[in-house]
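One structure is given here, and the rest of the page talks about it.
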Amino acid sequence: MNQPSKPDTGPGTAQWNTSPSAKTRNAVQRSVTALLDELAPERVLKRVEALEGAVEQHRTPSGCLLQATTCAVSVSWFADAKGSDLGELHILVWRGKVARRGAPRSGKNATLVTELVLHPIEPAADDCNWHAMDGTRYDTASLAAHTLSLLSAEIGNPAV
């Protein structure tokens, strides 16, 4: 006997044409904040600032930059991205120094090596909160680990 198949409710399939609820948007924002906190925690004011390590962490309200000596990873959240009701997360791997607002520019621009675009999954299925364009799914912790592994791979790249 033929069993009825479950309808595909993945991020690429057509669903009801309704806006996500405030509860869903808040859950996605909490996930973005948890990812950014894992990668580049917000700094607390101290009397004496600790010395910069091998990787500098720079945080903005909607993203972060992890800058190593020869490469960097930037994570940017676009809450109002076109074509996505819940927004898009962009993870970019760079070769060179990435220019930041308000920082002095270096002579050479950074070049883009890799771009990873992710969309939040609504509702979170199987504890996977993010869906990449290639079909890979990540929860927040595994996405943070993957982002750090991208940076590590670029740091270890002999072409850098």
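Here are a few things to note about the model shown:
- In plain terms, the chain from Asp134 to Ala81 could stretch by 17.2 nm, reckoned as 0.36 nm per residue minus the Cα-Cα distance.
- Available extension along the chain between Asn157 and Thr24 is 44.0 nm, counting 0.36 nm per residue and deducting the alpha carbon span.
- Size of the range 63-160: Rg and Dmax of its alpha carbons, in Å, are 14.6, 46.
Laboratory data are not the source of any read-out in this text; all were calculated from the coordinates shown. Here the structure is a predicted model, which is why all the values come from computation and not from measurement.
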